[in-house]
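Accompanying notes for the structure given below.
Throughout, read-outs are computed from the coordinates displayed, never taken from laboratory work. Everything quoted here is computed from the prediction, not taken from an experiment. Cβ placement follows ideal geometry from the backbone for every residue including glycine, while neighbour counts extend to all protein chains displayed.
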Amino acid sequence: MSSSRRIAHLDMDAFFASVELLRYPELRGRPVVVGGRRVPAPEGNVGNRVFGRLGDYVGRGVVTTSTYEARAFGVFSGMGLMQSARLAPDAVLLPADFEAYRDYSRRFKQAVLSVVPVIEDRGIDEIYLDLTEFDEPSAVIADRIKQAVRDATGLSCSIGISPNKLLSKICSDLDKPDGLTVLLMSDLADRIWPLPVSKVNGIGPKATQKLKSLGIESIGQLAQVPVGELQSQFGAHYGRWLHEAAHGMDDRPLETSRQPKSLSRETTFERNLHVRHDRTELTAIVDNLCLRVADDLQRKSLACRTVGLKVKFADFSVVTRDVSVQVPLQGARQLREALADCLKRIDWHDRIRLLGVRASGLTDQQDVLSQPSQLDLWRT
DNA sequence: TCTGGGGTCCTAGGACCC
DNA sequence: TCTGGGGTCCTAGGACCC
């Protein structure tokens, strides 16, 4: 066991909202919500900007993120915008600008890399770092990292440091914003066990509910349950993992690079569509999704051996169908033709809320192009 | 007018091969 | 013939995460 490791988890504070506050400093201190579809620019005077009001929002969509001031009203990520509008009608609503967030994401990661050479990318706003090789105290390194991030972006982050990824992830959330939590294995019972099981990365709503029904609500309570009992309730694999997680055990290494496994595009409609009455519109949507997936494949020089269709019905049930082919596909027309097979196998029992197209079984485009007999398939 | 969009991993059954 | 067993691929669904 590598109990001598020193692993950090760094999490940007209210990342998307904080980027927006850099752009609109006059909103600082006010409840701000990021989310929803982009609406036409408000007709405010220059120098007298008019922001969207959450209470005026109409339509589908969820909160992507919110400032701490908005969270005080009970508005959190994933909540429906209509619902959040009832809680905080006077909050400012801004559309998400993922291009800007990706730009800031690159900048903060670059800044961290100037201090720590080994990081694992965990998405747009968080990373793991390996501090094992450093000689200085954790607090000193953490301060240096935070300063580098602040200098490069003007943003704050929270850091958790412990012997492994699982505990560091929990720790980075304990002292937000701009926090630092350093945890030793000997602190486990005092600082981790009192927390609810849902704080563990990998215990979601379903598992939390089931644990609650068994009388288990805290991580400490989970740690007291015999592993065999957890395995009979949750299966051999997940049961063992639950037991180890509750005891703070995790020896996963940092993953410093990885290949994408799948790639997808999906869209929720403004209104639910009918498979016959709205056939023209649905066809255009599938075609467009194929174009976007093909474009993504092209940009990443990938092809796929499996294409899938996802349908979400008005009742929120989700059905997927996929099909695999011998020769990898890349062009939009090829994707569309393969999907015809999937479309036939779906029982269209209800109005449709969402359609999605996924490419998996990804291979390098190079491998496809190197098969001369298949070159003619590249015309689209 | 509750409930987005992009991913990963796991499970489980059936086909197929040796 | 004993209806064995591995191993891999494909498909569908679901939990979970950011």
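Under a crude label model (7 Å from the Cα following the beta-carbon direction), how far is A:Phe76 from A:Ser4 in nanometres?
Taking the two extended label points, one gets 4.0 nm.
Grab the Cα-Cα distance for A:Ser324 and A:Glu26, subtract it from 0.36 nm times how many residues apart they are, and report the gain in nm with one decimal.
Result: 102.0 nm gained on full extension.
What FRET efficiency comes out for A:Ser186 versus A:Leu254 if R0 is 25 angstrom and r is the Cβ-Cβ distance? Round to the nearest 0.05.
0.60
Fewest to most neighbouring Cβ within 10 Å: what's the order for A:Thr65, A:Thr280, A:Thr320?
Lowest count first: A:Thr280, A:Thr320, A:Thr65.
As a test of the definition: which semi-axes, in Å, follow for segment A:262-378 when you take the square root of five times each eigenvalue of its alpha carbon gyration tensor? Largest first, please.
28, 12, 12
What's the FRET efficiency of A:Asp173 with A:Arg276 using the Cβ-Cβ distance as r and R₀ = 45 Å, to the nearest 0.05?
E(calc), rounded to 0.05, equals 0.40.
Would you work out which of A:Val286, A:Val357, A:Ser324 lies farthest towards the positive end of the dipole of segment A:263-357? Charges go on Cβ: Lys and Arg +1, Asp and Glu -1.
About the Cα centre, the residue reaching furthest to the positive side is A:Ser324.
Kindly express, to the nearest 10 degrees and within the range 0 to 90, the angle between helix A:236-246's C-alpha long axis and the longest C-alpha principal axis of chain A.
40
Where the only charges are on Cβ atoms (+1 Lys, Arg; -1 Asp, Glu), what is the dipole of chain A about its Cα centre, to the nearest 20 debye?
1120
Once you compute Rg and the Kirkwood Rh from C-alpha atoms, what is the Rg to Rh ratio for chain A?
For chain A, the value is 1.00.
Using helices alone, what [θ] at 222 nm do you get for chain A, with -39,500 (n - 2.57) per DSSP H run of 4 or more residues, divided over all residues and rounded to the nearest 500?
The helix contribution divided over chain A gives -10500 deg cm²/dmol.
What does the extension gain come out to for A:Asp364 and A:Gln83, with contour length at 0.36 nm per residue minus their alpha carbon separation?
So the extension gain works out to 96.8 nm.
Past 24 Å, Cα to Cα: identify those pairs from A:Lys206/A:Lys310; A:Lys165/A:Lys261; A:Lys199/A:Lys300; A:Lys212/A:Lys312, in the order given.
Check vs 24 Å cut-off fails for A:Lys199/A:Lys300; A:Lys212/A:Lys312.
How about segment A:263-319: which trypsin sites (Lys or Arg not before Pro) there are in a DSSP loop, with at most 15 other Cβ atoms within 10 Å of their Cβ?
Of the trypsin sites (Lys or Arg not before Pro), the ones in loops of segment A:263-319 whose Cβ has at most 15 other Cβ atoms within 10 Å are A:Arg276, A:Lys300.
What is the projected area of the convex hull of the Cα atoms of segment A:178-290, averaged over all directions, in nm²?
Mean orientational projected area (segment A:178-290, Cα hull): 12.9 nm².
For chain A, find the longest principal axis of its Cα atoms and tell me its angle to the long axis of helix A:279-299, 0 to 90°, nearest 10.
Computed tilt is about 60 degrees.
Rank-order A:92-99, A:330-337, A:202-209 by packing density, defined as the average count of other C-beta atoms within 10 Å over each peptide's residues, highest first.
Packing order, densest peptide first, comes out as A:330-337, A:92-99, A:202-209.
Using a 7 Å offset from the Cα along the Cα-to-Cβ direction at both A:Asn201 and A:Val62, what is the distance between the two label points in nm, to one decimal?
1.9
Taking K and R as +1 and D and E as -1, what net charge do the other residues with C-beta under 14 Å from the C-beta of A:Asn201 add up to?
Around A:Asn201, the charge tally is -1.
Using 1/(1 + (r/R0)^6) with R0 = 30 angstrom and r between the beta carbons of A:Asp347 and A:Arg37, what's the FRET efficiency to the nearest 0.05?
0.50
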